[in-house]
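The values are calculated or read from the model by the stated rules, or taken from the named source; none is laboratory data. Just so it is clear, the model here is predicted, and its values are computed rather than measured. Here the Cβ is made from the backbone with ideal geometry for all residues, glycine too, and neighbour counts use every protein chain on show.
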Amino acid sequence: MFGILLALALNAAPEPQSQQPDVTAATTWVGLVDAKRWSDSWAAAGALFQSQMPQARWASNIAPVRAPLGSVTSRALKSVTKSKTLPGAPDGEYELLQFVTSFANKSTSTETVVLAREASGWKVNGYFIR
């Protein structure tokens with residue numbers, strides 16, 4: 001789901017803007033993933049994420065992706081793209097944050113976190129590592 005949602009999001013004709021995104025929401029959530037807190041990361045994710053990725057499937061999908069990478073050694077925000085639309089998602093406020101991340105077993109990766117503004121604040125609705 002996270003790869004499909006991201007692929008759709010990247011083709012959504014986003015609107016680049018220079019305002020500071022809610023990086024805290026993204027980094028807090030990714031921190032849960034870093035700590036292998038799969039259930040907590042699922043619970044903290046947005047409604048679209050949860051509706052597309054059942055909790056048990058999330059753990060079984062993310063664990064084998066992250067385990068070979070090892071621990072995070074650095075993570076820096078690379079870019080932010082804002083959009084009002086994503087294919088397959090209702091119109092709303094979205095931010096696609098890309099991070100340059102180094103792991104113990106992979107020196108350079110790109111993590112993309114898709115945030116959506118929900119009633120309770122910014123929530124992660126997509127996650128992808130390249």
(message) Looking at the stretch 113-125, can you tell me whether even one residue there is aliphatic (A, V, I, L, M) and in contact with a Ser or Thr (Cβ under 7 Å, 6 or more places away or on another chain)?
(response) no
(message) Restricting to the stretch 86-130, name every residue that is of a type in the set (S, T, N, Q) and either more than 11 Å from the chain's Cα centre (by Cα) or more than 12 Å from residue 48 (Cα to Cα) (or both).
(response) 98, 101, 102, 105, 107, 108, 109, 110, 112, 120
(request) State whether the residues of the stretch 29-45 include one that is in contact with a strand residue (DSSP E or B) (Cβ under 9 Å, 6 or more places away or on another chain), buried (at least 20 other Cβ atoms within 10 Å of the Cβ) and either of a type outside the set (A, V, I, L, M) or free of Cβ contacts under 8 Å to residues at least 24 places away in the same chain (or both). (result) yes
(request) Considering each residue of the stretch 57-75, count those that are over 16 Å from the mean Cα position of the chain (by Cα), over 17 Å from residue 125 (Cβ atoms) and either part of a helix (DSSP H, G or I) or among the acidic types (Asp, Glu) (or both), and give that number. (result) 5
(request) Please specify each residue of the stretch 76-112 satisfying the condition of being in contact (Cβ under 8 Å) with a residue 40 or more places away in the chain, in a strand (DSSP E or B) and either in contact with a Gly (Cβ under 6 Å, 6 or more places away or on another chain) or crowded, with 18+ Cβ neighbours inside 10 Å (or both). (result) 80, 81, 83, 94, 95, 96, 97, 99, 111, 112
(message) Take residue 102 and tell me if it is out of contact with any Phe, Trp or Tyr (no Cβ under 6 Å at 6 or more places or on another chain), at pLDDT 95 or above and within 13 Å of residue 129 (Cβ to Cβ).
(response) yes
(message) Considering only residues that are touching a Leu at 6+ places or on another chain (Cβ under 8 Å) and aromatic (Phe, Trp, Tyr), which ones fall in the stretch 50-100?
(response) 94, 99
(message) Looking at residue 57 and the list (1) touching a strand residue (DSSP E or B) at 6+ places or on another chain (Cβ under 8 Å); (2) farther than 18 Å from residue 31 by Cα, which single condition is not satisfied?
(response) (1)
